[in-house]
Amino acid sequence: MGFLDIRNVTKSYGSVEVLHRVDLEAEEGEFLVLVGPSGCGKSTLLNMIAGLESITSGEIAIAGQVVNHVHPSKRNIAMVFQSYALYPNMTVAGNITFGLEMHGVPRPERERALRDVARLLQIEHLLDRKPSQLSGGQRQRVAMGRALVRDPAVFLFDEPLSNLDAKLRVDMRTEIKKLHQRLGRTIVYVTHDQIEAMTLSTRIAVMNAGHVQQFGTPKEIYDRPANLFVAGFMGSPSMNLIPATVAVEDGTPVALIRDEGGEAHRLRLSQPSLAAWAGREIVLGIRPEAITDPDGADRQSRNIQPLRARVSVIEPAGSDTFVATPLGGREVIARMRADATARPGEVFDFAVNMDKAVAFDPVTEARIP
Amino acid sequence: MSTLSQNPLAGPALRAAPVPSQETAVRTGRVTRVFIYLVLLLFALFYLLPFFIMLINSVKPLGEITGGNMMALPREWTVEPWMAAWSTAQIGVQPTGLRPYFINSILMVVPAVAISTLLGALNGYILTKWRFRGDTILFGLMLFACFIPFQIVLIPMARTLGILGLAGTTWGLVLVHVVYGLGFTTLYFRNYYAAFPTELVRAAQIDGAGFFRIFWRIMLPVSGPIAVVSIIWQFTNIWNDFLFGASFAAGSGAPVTVALNNLVNSSTGVREYNVHFAGAILAALPTLLVYIVAGRYFVRGLMAGSVKG
Ligand SMILES: Nc1ncnc2c1ncn2[C@@H]1O[C@H](COP(=O)(O)OP(=O)(O)O)[C@@H](O)[C@H]1O
Ligand SMILES: [Mg+2]
């Protein structure tokens, strides 16, 4: 049983169920990220934790206490909204201390808490301003200050960075991570940005269409995605998902992939259990960084497979160069060092790290264990 | 993209091209503008003329008016008609002037405007931020109040006031105007609050503010523009109302509009037109003042509502 427990929770609006039997938990001090495409039910779940939406069935418990029918202000939570939701008529100081005032905290104590938070977030010079006189990044800080000052058991963040420009977003991301490491509080963080999810979280729940697709550490989710949805959603560029046929040669399973000319390429699989799939179709999942030039291949790997294929497009991206090659009816992306020598149109020797490859059942879309 | 627009070579060329067409646009704009101003001036004169005539005749001795010179400026200026209209003229049978009735109107209009505006705000707050099953239907029904002709409610209202013991009193009129104005004020505030982010209410809930605290501390402080609209609208309508006043508060409890009518009709013998004009201006003065003081905000408030919601 975790510090925050979400047990078998569903949510319906009228007859439409938008969340289906969600089971999640977070230990104390954990950074739990809910990630998924827009409309998948992340905010709804977060609002249910906050008490802003009713729970249709199931239970949510914070620190061992079931809070299904506890008022939002009594759940010992604080929330940062996507729009920041700063009170437009109050100053920054008023915004930050409003919650304390409502909870009957005496003025001297409020002022002390305000000073501490303002120093922590470096917004001391903004305290007398109105929200309309702040920049986006400053508003974001004030919204965080309003949550921090309450010193709650659980922080809830609903896409707090999505209204910032790209540079500021990266800075604030780092800052949130620092804050978490410093305060050690439990955080539930909603985002549609898988990079935010990977960088911030201790555990990730990947959601789609009201279902939790996978719940695990960032590494588990990145290396061993539970199904095709997770594989495609997490990672940028996303995992190559290549239709292949399994054959068994000398007792080991091999994936056969057809290129544009119809010729089959053989890649020896590292996963012995796939021998049972002999003669059947699978979807082979290979991250771009597992396909390189032979010199760039991972020396730790016990199974690097050569692959000769035509290069169709080169996309230099500064630190890396992305190389595309048509395989199995898809454009397969390889991630190479910036000085890799591949040129469009030429036939190139790729090296595929099959230790990092995963296989999916094309019918159920689940990963083959 | 930004590097393109910052390119110093691109700048002058881009700026030079549209200049000739811009010049002609300015010239035709000037002609149209003169024409528009002329038309506007004409209309303004048209509307101001009656007021001008009232004004000059209210400061003339009666003799100059009955002498047939209504359009001319007074030869002899006097404030006598104003004094008479205010404090000595015959209203019905009493020589009280308009003053007591003017006070009646104030005693009616201030609470009626305040209560209907506040209730409208509360309704708007509930209808947008505390939604419940059937709230749109309820709102639709409330909108009916905006379309019901006054005459239809006269008899049921008289009955209701009788039962409540408020017949013939100023408080009875306050009740009538609050009930009648609620449709409008609710409409204003509901549309205004619909554009107000619900996340703010949620944030306040998490902060521990309750229903009324959110209303007082979060919603009302940002309601200035729409409150002005509601106040001007209600003030003008209630102050200018004649039918309800005449129906439910005759006699010494009547509002100034009814008293003005009695002033004009009750003069025995000579008709003191100058006093009538002065009385009419006196009775219209408060609405005029409200427009001058708050008219700017009225337009701004209407815009705020329409742009956001
Ligand atoms: N008040 C509501 N009534 C009906 N459906 C709703 C309501 N709020 C959200 N939904 C639906 O629930 C789903 C999840 O919404 P939401 O949690 O906001 O998604 P996300 O935050 O992941 O983008 C969406 O399909 C949305 O249309
Ligand atoms: Mg959302």
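The values are calculated or read from the model by the stated rules, or taken from the named source; none is laboratory data. This one's a predicted model, so the numbers in the text were calculated from it and none came from an experiment. Heads up, the Cβs are rebuilt from the backbone with ideal geometry, glycines too, and the neighbour counts pull from every protein chain shown. When the accessible area is computed, the model is the full protein with side chains, heavy atoms only, and any ligands, DNA or RNA have been set aside. Shrake-Rupley method; radii C 1.70, N 1.55, O 1.52, S 1.80 Å.
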**OP:** On a 0 to 90° scale, report how tilted helix A:92-102 is relative to the longest principal axis of chain A, with both axes built from alpha carbons and the result rounded to the nearest 10.
**Re:** 70
Original post:
Taking the alpha carbon gyration tensor of the protein assembly as shown, what are the square roots of 5 times its eigenvalues, largest first, to the nearest whole Å?
Top reply: 74, 33, 23
Original post:
How many nm separate the modelled label positions at A:LEU168 and A:ARG337, each set 7 Å beyond the Cα in the direction of the Cβ?
Top reply: 3.9
Original post:
Given H placed 1.01 Å from N in the peptide plane, which residues other than close sequence neighbours of A:LEU34 have an amide H under 5 Å from its amide H?
Top reply: A:TYR189, A:VAL190, A:THR191, A:ALA205
Subject >> Per residue, the convex hull volume that the Cα atoms of region A:223-369 enclose (Å³) >> reply: 107
Original post:
For region A:174-247, what log10 I(q)/I(0) values come out of the Debye formula at q = 0.11, 0.14 1/Å, with one point per alpha carbon and no solvent?
Top reply: -0.33, -0.50
Original post:
So for the pair A:SER319, A:ARG302, with labels modelled 7 Å out along Cα→Cβ, what separation do we get in nm?
Top reply: 3.1
Original post:
Quick one: Karplus J couplings for region A:333-341, per residue in order, coefficients 6.51, -1.76, 1.60, θ = phi - 60°, nearest Hz, x for Gly and Pro?
Top reply: 9, 10, 10, 10, 4, 4, 9, 4, 9
Subject >> region B:82-304: relative contact order as a whole-number percent, Cα under 8 Å and 6+ apart >> reply: 34
Subject >> For region B:103-192: rounded, prolate or oblate by the Cα gyration tensor [a/c cutoff 1.5] >> reply: prolate
Original post:
Per residue in region A:138-157, which ones lose no less than 10 Å² of accessible surface when going from chain alone to all protein chains (1.4 Å probe)?
Top reply: A:ARG146, A:ARG150
Original post:
Assigning unit charges at the beta carbon (Lys, Arg +1; Asp, Glu -1) and nothing else, what dipole magnitude in debye, to the nearest 20, does chain A show about its Cα centre?
Top reply: 1000
Original post:
Taking N as the number of residues in region A:261-348, what is its Cα Rg relative to 2.2 N^0.38 Å?
Top reply: 1.16
**OP:** Would you list which lysines come within 22 Å of A:LYS167, measuring only between C-alpha atoms, while excluding same-chain residues fewer than 8 positions from it?
**Re:** A:LYS177, A:LYS178
**OP:** Compute the Rg to Rh ratio over region A:45-201 from the alpha carbon atoms, using the Kirkwood formula for Rh, and round to two decimal places.
**Re:** 0.96
**OP:** Give the long-range amide H neighbours of A:VAL67: residues separated by 5 or more places, or on another chain, with amide H under 5 Å away, using H modelled in the peptide plane at 1.01 Å from N.
**Re:** A:ILE60, A:ALA61, A:ILE62
**OP:** Please list, in chain and number order, the residues 5+ apart from A:HIS265 or on another chain whose amide H is under 5 Å from its amide H, with Hs placed from the backbone.
**Re:** A:ILE257, A:ARG258, A:ASP259
Original post:
In Å², rounded to the nearest 100, what is the total accessible surface buried by chains B and A against each other with a 1.4 Å probe?
Top reply: 1800
Original post:
Out of A:ASN76, A:LEU24, A:ALA63, whose Cα points farthest toward the positive end of the dipole of region A:24-87 (charges: +1 Lys, Arg; -1 Asp, Glu; placed on Cβ)?
Top reply: A:ASN76
**OP:** Take chain A, compute every pairwise Cα distance, and split them into 20 Å bins from 0; I just need the percent in each bin.
**Re:** 26, 46, 25, 4
**OP:** Take the alpha carbon gyration tensor of region B:82-304, find the square roots of its eigenvalues, order them as a ≥ b ≥ c, and report rounded if a/c is under 1.5; if not, report prolate when a/b exceeds b/c, else oblate.
**Re:** prolate
Original post:
With +1 on each Lys and Arg Cβ and -1 on each Asp and Glu Cβ, how big is the dipole of the protein assembly as shown about its Cα centre, in debye rounded to the nearest 20?
Top reply: 1660
**OP:** On the protein heavy atoms, probe 1.4 angstrom, tell me the percent of accessible surface of the protein assembly as shown carried by carbon and sulfur.
**Re:** 60
Subject >> Dipole-positive endmost among B:GLY165, B:PRO225, B:TYR193 within region B:82-304 (Cβ charges, Cα centre) >> reply: B:TYR193
Subject >> Rounded to whole Å, sorted largest first: equivalent-ellipsoid semi-axes of region B:42-84, Cα gyration tensor >> reply: 21, 12, 7
**OP:** Given a cut-off of 32 Å, name the pairs among A:LYS219/B:LYS129; A:LYS11/A:LYS356; A:LYS42/A:LYS219 whose C-alpha atoms lie farther apart than that in the structure shown.
**Re:** A:LYS219/B:LYS129; A:LYS11/A:LYS356
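Calculate for the protein assembly as shown the 222 nm mean residue ellipticity that helices alone would give, adding -39,500 (n - 2.57) per DSSP H run of length 4 or more and normalising by residue count, nearest 500 deg cm²/dmol.
-14500 deg cm²/dmol
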Original post:
Given a Förster radius of 35 Å and the C-beta distance between A:ALA153 and A:ARG119 as r, what FRET efficiency does 1/(1 + (r/R0)^6) yield to the nearest 0.05?
Top reply: 0.95
Subject >> ³J(HN,Hα) computed for each position of region A:182-192 - Karplus, 6.51 cos²θ - 1.76 cosθ + 1.60, integer Hz, glycine/proline x >> reply: 6, 8, x, 8, 6, 10, 10, 10, 9, 7, 9
Original post:
On average, how much accessible surface per residue is there in region A:147-237, in Å², for a 1.4 Å probe, leaving out ligands, DNA and RNA?
Top reply: 40
Original post:
Where in chain B are the DSSP H helices whose alpha-carbon span along the long axis reaches 18 Å or more and whose Kyte-Doolittle mean is at least 1.6?
Top reply: B:150-164
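What's the long-distance tail for region A:1-131, i.e. % of Cα pairs beyond 17 Å?
67
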Subject >> chain A: relative contact order as a whole-number percent, Cα under 8 Å and 6+ apart >> reply: 15
Subject >> trypsin sites (Lys or Arg not before Pro) within region A:289-334, DSSP loop, no more than 14 other Cβ atoms inside 10 Å >> reply: A:ARG299, A:ARG302
